[in-house]
Amino acid sequence: MKNIVIYIIVLFSIGIEPAISDDGSILSDTLHWYSIIPPFMAVLLAFITKRLLISLGAAIVVGAFLASLNQTDSTIFNTLSNTSGYFFDNITNTWNLTVLSFVIVILAMISVIIVSGGLKGLVSHLLPFANTPRSSKLITAFAGFIVFIDDYANTMIVGSAMRPITDQYRVSREKLAFIIDATSAPVAGLAVISTWIGFEVGLFGDVSQSLSLGKNGYSMFFDALAFRFYCIIMLVFVIISIITERDFGPMAAAEQRAMKTGALLAADAQPATAASFSLVEVANDVRIKARTALIPFFVLFTVLLVGFWFDGNGQQHFQQNWFSPFSLQVWQEVISNIKNSTTILLISAIIGLISAVVISITLAKTPLQSIQKAILIGVKSSLLPIMILLLAWSLKSVCDDLGTGKYMVETLSPYMSPLWFPALLFFVAAITAFGTGTSWGTMSILIPIAIPLAYELDMQSYGLITIISLGAVLDGAIFGDHCSPISDTTIMSSIASNCDHLHHVKTQIPYSLVVAATALLAGYLPAAAGLSPLTSYGISILLLILILFKLGRKIDNSIAKA
């Protein structure tokens, strides 16, 4: 095992050897060792220079150069051509444009709600419940549990709604970003009704068909649910850390800074949204009402559900049974049939923005000039996150062309055995997601490759190892996504909390690593040996409490309480 770890470290750190199988042959003629250079270069440069845009751009250019090595024309010409091609392909991609439009519209909507006093009114109603730093963080976490339908909607809605409250109690932006990030993808990935479920079930269904398992994707999803150790333990960790009010590592320093000095951001912080977004203030002489915020958010969420219902052919169920909209099983089928989730998100945001403008004028009596200014500020504040997302997607395209994910899989797969397979699969998924910045992409790469291998290791049966492996792929992808500075959900968490993106990543990584280690030692390894998942979760809770009290320190929040 020691030799394997050394080999992996050397391989990923230096990258001077091709992937070699046990018999000394190259694993694949189309996969190259240098495919790992662009993503790891982006991560390394980002932490060294603290300039995310420059780091991503440099990694894309290097990746474009590497992609041109296999082409016969001029390398310089192809490098320039490939670089521009990656940007053009991503900026003209319909799905990407829809997501970018959603970011613009939702930030404009939030800006209007702020100017019209909606968030201030909502804060005033929540203050009796959030009257301490701890309770403000607990409410933020529970809000993350409630908005389970989509991770993008979760981060933007919860972050924007709760930021004024956590700011009031001197909760650092880093802590807020962590709570948002740690309750978005894990919750959406676990929820039986979400935009994730159709994707996950579809991948499982394809594998079932190829292996002739006779199982549908949904039943496989539920089989693996008990073994989603990382996601479930992460949610437990969030609650325990909030209740105990203990933090460690860079997060403890950030919380201590915020509590002692009132500085919610570090001195060198560069918030993920434009500085103008933080300057949005309530317009003069408006009527401060919580409804100004609640109604647009309710409209957005309602349109989202209605859109999902019709896009997933829910009307067919309604024709058969008028009470079908109240059936969990029906919603599971509807969500699994959704084809246009991002389009529905955008439509919901547009209608939410329109409703915010109407409510601001009619209910809050906000001047039209103030609303126009707020919309412009919201659009302007979206320019930075749009650039980050475009560069992150372009880097993902580079990784796809170079076969980065497949290279990682083929490099590590020879070392997998039945007992270690789920744990190593979790690790491979994490490394792949970290390097590529996409959990969905990692799942789509690994599930068709790894699950048939698990099936073989399980003596060609749909047994324990195969089921645990299903959960390990999904959770490993989310873990790597949490640690990756080029992940879109991690970027959006920084946007929603108006936090410096690299500071968010730096403070979140130690927590993600602790949860991942706990999931491995108390979850995947013992479960593969036959230990009950309930026992694993019990051990995990005890370990988390021990770690927080051993490594963490209690943050003095007496100033914030006063």
> Any chance the stretch 315-330 includes a residue that's at positive phi, out of contact with any Ser or Thr (no Cβ under 9 Å at 6 or more places or on another chain) and not in a helix (DSSP H, G or I)?
Replying inline: no
>> Testing Gly471 on (1) at negative phi; (2) surrounded by fewer than 24 Cβ atoms within 10 Å (Cβ to Cβ), one condition comes back false. Which one is that?
In response: (2)
> With respect to Asp29, is the statement that it is assigned by TED's automatic domain parsing to the domain that holds Ile486, exposed (fewer than 14 other Cβ atoms within 10 Å of the Cβ), closer than 17 Å to Asp401 by Cα and modelled with pLDDT of 80 or more true?
Replying inline: no
> What number goes with the only condition from (1) more than 14 Å from the chain's Cα centre (by Cα); (2) at pLDDT below 85 that Arg163 does not pass?
Replying inline: (2)
> Can you name every residue in the stretch 221-230 that is crowded, with 23+ Cβ neighbours inside 10 Å and assigned to a helix (DSSP H, G or I)?
Replying inline: Phe221, Phe229, Tyr230
>> Just the residues that are at pLDDT below 75, within 20 Å of Leu122 (Cβ to Cβ) and in a loop (DSSP other than H, G, I, E, B), please, taken from the stretch 267-293.
In response: Thr273, Val280, Glu281, Val282, Ala283, Asn284
>> Suppose we filter the stretch 432-473 for residues that are polar (S, T, N, Q) and at pLDDT 75 or above; how many remain?
In response: 6
> From Phe222, Phe229, which residue is of a type in the set (Phe, Trp, Tyr) and touching a helix residue (DSSP H, G or I) at 6+ places or on another chain (Cβ under 8 Å)?
Replying inline: Phe229
> Does the stretch 236-247 contain at least one residue that is part of a helix (DSSP H, G or I), among the aromatic types (Phe, Trp, Tyr) and over 19 Å from Leu457 (Cα atoms)?
Replying inline: yes
> Going by the conditions given, is Ala252 at pLDDT 85 or above, outside the structural domain of Asp458 (by TED's automatic domain parsing) and over 21 Å from Ser184 (Cα atoms)?
Replying inline: yes
>> Which of the helices (runs of 4 or more DSSP H) found entirely inside the stretch 437-503 contain at least 1 residues meeting this: among the charged types (D, E, K, R) and more than 15 Å from the chain's Cα centre (by Cα)?
In response: 439-457
> From the list Thr98, Thr183, which one is closer than 25 Å to Tyr230 by Cβ and hydroxyl-bearing (Ser, Thr, Tyr)?
Replying inline: Thr183
> Pick from the stretch 348-398 the residues that are among the hydroxyl-bearing types (Ser, Thr, Tyr) and within 30 Å of Ala64 (Cα to Cα): which of them is surrounded by the most Cβ atoms within 10 Å (Cβ to Cβ)?
Replying inline: Ser381
>> Suppose we filter the stretch 80-100 for residues that are surrounded by fewer than 16 Cβ atoms within 10 Å (Cβ to Cβ), touching a helix residue (DSSP H, G or I) at 6+ places or on another chain (Cβ under 9 Å) and farther than 18 Å from Phe65 by Cβ; how many remain?
In response: 5
> Which condition number in (1) of a type in the set (D, E, K, R); (2) assigned to a helix (DSSP H, G or I); (3) within 25 Å of Ile288 (Cα to Cα) is the one that Arg170 fails?
Replying inline: (2)
> Restricting attention to the stretch 399-408, does a residue exist that is β-branched (Val, Ile, Thr), in a helix (DSSP H, G or I), buried (at least 17 other Cβ atoms within 10 Å of the Cβ) and over 22 Å from the mean Cα position of the chain (by Cα)?
Replying inline: no
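The values are calculated or read from the model by the stated rules, or taken from the named source; none is laboratory data. Predicted model, so just to flag it, every value in this text is computed and none were measured. Counting neighbours? That spans all protein chains shown, and the Cβs are built from the backbone with ideal geometry, glycine included.
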